[in-house]
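Novice: I'd like to ask you about the structure that follows.
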Amino acid sequence: MFFAASIFFTLNGITFGSWAARVPDIARQLQLTPASLGAALFCISLGALASMQVTGCLCARFGSGRVGQVAVPLFAATLPLPALAGNLAELSLALLVFGIASGAANVAANSLGVEVEARAKRPMMSSLHAVFSVGGLLGATVGGLLAGFTPSTLHLSSIAGASLLACVWLTRVMDKVVGPAQERHAFHRRARHAVHAGPAGPPRITVNLLPSDAGPTMPGGFSSHTAVIVALGGIAACTAFAEGALGDWGALHLRENLHANPGLAAAGYALFSLAMATGRVAGHRLVARLGDTRVLIGGTLLAAAGTLTASFGATLPIALSGFLMVGLGLANVFPLAIGRAGMINGARGVGLAATVGYVGPLAGPPLIGLVAGEAGLRTALSAVSVLVLAAAVLSVVVAVETPSALSVAARLRSRLTGLRQGLGQGLGLGQGLAARLSDTAHTVGAVSREQATALLPNPKESTP
């Protein structure tokens, strides 16, 4: 099932990366102003918001794998629609449909990721989101290479066709591995808990870093720490705003302000995705070593500096380095914020924080377009750094208001402690099993290979 979830995430990333690479061409084709383009992009968020909750209910009823087999190819099939639009109204309608399919595919993929993580009983969502970023890298890279000499319609239709073929093949594989009834009943109980998290609940959450048990909670009822959870949602909203701004407007900025050719313009989002993937692969290890607050503050400060570099870089290489900095900085901020909200108050905390967090991508496109129309795209993108800095301030507030036990780092370290205790109690199981447990500690992501090996007791010392 991890393989199937990986394919879902990869195809979603390729679809979005391909779209991001052709935004400048479609905007020029329709002669759109920044304000009108922002209004059209707003339809993507509206469509996604409309489909998320419905898709979550479908996942609970029929199983995330079955819903994904429909939603992911549907998302790919809608990819050529924006390129077929002949005016702003048609583009807005096409992007609304594209957004509906995007929200459905996002929920289905993430719900399947939750199921895979629950079965494996170890964090895997960071790896799956890293795979999404790799897909975005592939989509943007191919889009950049083809943008100079291939019409948008042909390019996006080809990507859609290839994705649909991959989905057909994956459906056959899943039918052989997991029966419909088995999948539906295995995930039904967990899906009811995870999917009722609000309109933005399932996507990108449940926390690649959140364990299946609730863990410690803050004293008092839900109302007593609502402000902290809202602050965590604010962190998620600010970072999601920044991610969406670079995805929707980055290539256009490089084309118009730095006169990059189509291939290099798409390289901005490609580097951003590459940095995101790298940061997410190392996410658990960084959090376990540095702690939630340091990762949140350090990441947001790096992203703020990267946003300014990308916006005001005088040359293309400098601007591209800014995209790289933003990707590295934001890689783990959103999942950490949502994960900590879940540790404070379980699924209700996740739902509230994720709902607040979705304000970012919902409000981002029209605001960027409005500011760009009045003051230019450079100024509009640079203003994103203010929101990212606000996320850094909120991270400090959250650190002061919540106990350290309610941190993702604390949970990862407690898992490591449990592994260590298990190793100490199982000395008689033999060095072969101990080595496998060491591999498990390394796989959790909280320790390096050397640290995991160091946890093993010396068999010679244990001999009576």
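Just so it is clear, none of the values below were taken in a lab; they were calculated from the coordinates. Keep in mind the model is a prediction, meaning the values are calculated, not measured. Cβ coordinates were reconstructed from backbone atoms using ideal geometry, including for glycine residues, and neighbour counts include every protein chain displayed.
Novice: What number in nm² do you get for segment 100-160 if you take the convex hull of its Cα atoms and divide its surface by four?
Specialist: Details: hull surface 19.4 nm².
Taking a quarter of the hull surface, the average projection is 4.8 nm².
Novice: Averaging over every viewing direction, what projected area does the convex hull of the Cα atoms of segment 267-342 cover, in nm²? Don't jump to the answer; show the numbers that get you there.
Specialist: On the way: hull surface 19.0 nm².
Across all orientations, segment 267-342 yields a mean hull projection of 4.7 nm².
Novice: List the chymotrypsin sites (Phe, Trp or Tyr not before Pro) in segment 87-175 that DSSP assigns to loop (not H, G, I, E or B) and whose Cβ has at most 16 other Cβ atoms within 10 Å. Which are they? Write out the running numbers ahead of the final one.
Specialist: Values: sites: PHE98, PHE132, PHE149, TRP169; in loops: PHE149.
Qualifying residues, ordered by number: PHE149.
Novice: Which order do peptides 362-373, 231-242 fall in by mean Cβ count within 10 Å, highest first?
Specialist: Numbers: 362-373: 20.6, 231-242: 27.8.
Averaged packing, sorted descending, gives the order 231-242, 362-373.
Novice: Among GLU256, GLU90, GLU243, which comes first, then next, by fewest other beta-carbon atoms within 10 Å?
Specialist: Numbers: GLU256 19, GLU90 15, GLU243 23.
So the ranking, lowest neighbour count to highest, is GLU90, GLU256, GLU243.
Novice: Expressed as a whole number of Å, what is the distance separating the alpha-carbon centroids of segment 117-140 and segment 256-317?
Specialist: The distance from the Cα centre of segment 256-317 to that of segment 117-140 comes to 18 Å.
Novice: A further question follows. Using the Kirkwood radius built from alpha carbon pairs, what does the Stokes-Einstein equation give as D for segment 301-390 at 25 °C and 0.890 mPa s, in µm² per second?
Specialist: Values: Rh = 14.3 Å.
Rounded to a whole number, D works out at 172 µm²/s.
Novice: Could you give the length gained by full extension between LEU164 and ALA50, i.e. 0.36 nm per residue of separation minus their alpha carbon distance, to one decimal place?
Specialist: On the way: separation 114, 0.36 × 114 = 41.04 nm, distance 2.37 nm.
Contour length minus Cα-Cα distance gives 38.7 nm.
Novice: Right, next: Exposure proxy check: CYS43, CYS57 ranked by fewest other beta carbons within 10 Å?
Specialist: Values: CYS43 20, CYS57 15.
Least to most surrounded, the residues fall as CYS57, CYS43.
Novice: To make sure I understand, if each residue's beta carbon is the centre and we count other beta carbons within 10 Å, what order do ILE318, ILE297, ILE14 fall in, fewest to most? Show your work: numbers first, answer last.
Specialist: Details: ILE318 13, ILE297 19, ILE14 26.
In increasing order of surrounding Cβ atoms, one gets ILE318, ILE297, ILE14.
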